[in-house]
1. Considering every residue within region 3-15, establish whether at least one is in the same structural domain as T186 (by TED's automatic domain parsing), in a loop (DSSP other than H, G, I, E, B) and modelled with pLDDT under 95.
2. Quick check: is even one residue across region 159-178 under 17 Å from W22 (Cβ atoms) and in contact with a Ser or Thr (Cβ under 8 Å, 6 or more places away or on another chain)?
3. So P181 passes all but one of these: (1) within 26 Å of S25 (Cα to Cα); (2) touching a Lys or Arg at 6+ places or on another chain (Cβ under 9 Å); (3) in a loop (DSSP other than H, G, I, E, B); (4) not polar (S, T, N, Q). Which condition number does it fail?
4. Could you look through region 115-138, keep only residues that are closer than 18 Å to G34 by Cα and touching a residue at least 60 places away in the same chain (Cβ under 8 Å), and pick out the one that is surrounded by the most Cβ atoms within 10 Å (Cβ to Cβ)?
5. Among the listed residues E82, E26, identify the single one that is closer than 24 Å to T15 by Cα, acidic (D, E) and surrounded by fewer than 22 Cβ atoms within 10 Å (Cβ to Cβ).
6. Tell me which residues, restricted to region 167-191, are among the aliphatic types (A, V, I, L, M) and crowded, with 17+ Cβ neighbours inside 10 Å.
7. Can you name the residue in region 44-75 that is of a type in the set (G, A, S) and in a loop (DSSP other than H, G, I, E, B) and, of all such residues, is farthest from L117 (Cα to Cα)?
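The values are calculated or read from the model by the stated rules, or taken from the named source; none is laboratory data. It should be emphasised that the depicted structure is a prediction, and the values quoted were computed from it without experimental measurement. Positions of Cβ are backbone-derived with ideal geometry, glycine not excepted, and every protein chain shown enters the neighbour counts.
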Amino acid sequence: MDINYLLNRIRENITILRETGWIVSEPRSPEWWGGLKTPGEIAISAFLVQMTRWETVVKVIEKLRSEGLNSPESISSLKTEEIEKLIRPVNFYKTKARRIKSFSEEVLSHGGLENFLVVENRNILLSLEGIGEETADSLLLYAGNQLFFPPSEYLRRVLSRVEGRGLSKLQAKNEVILTLPRNLFTYKLFHAGIVAVGKRFCLLKCPKCETCFLNSICKFKV
């Protein structure tokens, strides 16, 4: 399958991205990530959103923003118990407060988020509690503006079904990075588009093939 053809289909259906929470913006803008304002907000939200509705996360981020605590650097000075109180509306807030505290201290030890979110520090990111490959690579791409494409279950599922063959997450990611033009806008657009397709149409059970804009090229279409 031609990955660039898939990219063009995503470009032609930008409204689906907006409807699923993505904001198509300038290449280095943090607004891609649900309209958030800063890389720091993206980083904090990456912990908050796990097992929690995005609408709840946005409300917590807005509260942190109003108190000047919307960055790892600013929140690192708080005790874990204080972070717990601030993020209490999200699920598993005690676990997430501990993880945010640990992440923030690591950011501070590297001289700030901009210095920390670089490809060379990927292994350090992966060593932190609550950060797997998808979260690490998403942070590098969207908050750090590094040319690093995130693997995801959505990517594996969509490409496997479109191509009619079973792919691992790594195989799907490699197929993308070997073919897709290497620039921030394209990486962000393609990742957001695939996630949008996965959330809206390419569901694990009962996929909505008839309304999916990829159904003309998808070998899975039921």
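1. Checking region 3-15: not a single residue is in the same structural domain as T186 (by TED's automatic domain parsing), in a loop (DSSP other than H, G, I, E, B) and modelled with pLDDT under 95.
2. Taking every residue of region 159-178 in turn, none turns out to be under 17 Å from W22 (Cβ atoms) and in contact with a Ser or Thr (Cβ under 8 Å, 6 or more places away or on another chain).
3. Every condition holds for P181 apart from (2).
4. S138
5. E26
6. Selection gives L167, A172, V176, L180, L184, L189.
7. In this case the residue turns out to be G68.
Every residue, every condition in (1) buried (at least 19 other Cβ atoms within 10 Å of the Cβ); (2) among the polar types (S, T, N, Q), yes or no:
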{"position": "P89", "(1), (2)": "no, no"}
{"position": "T95", "(1), (2)": "no, yes"}
{"position": "L113", "(1), (2)": "yes, no"}
{"position": "L140", "(1), (2)": "yes, no"}
{"position": "L147", "(1), (2)": "no, no"}
{"position": "R165", "(1), (2)": "no, no"}
{"position": "I194", "(1), (2)": "yes, no"}
{"position": "C202", "(1), (2)": "yes, no"}
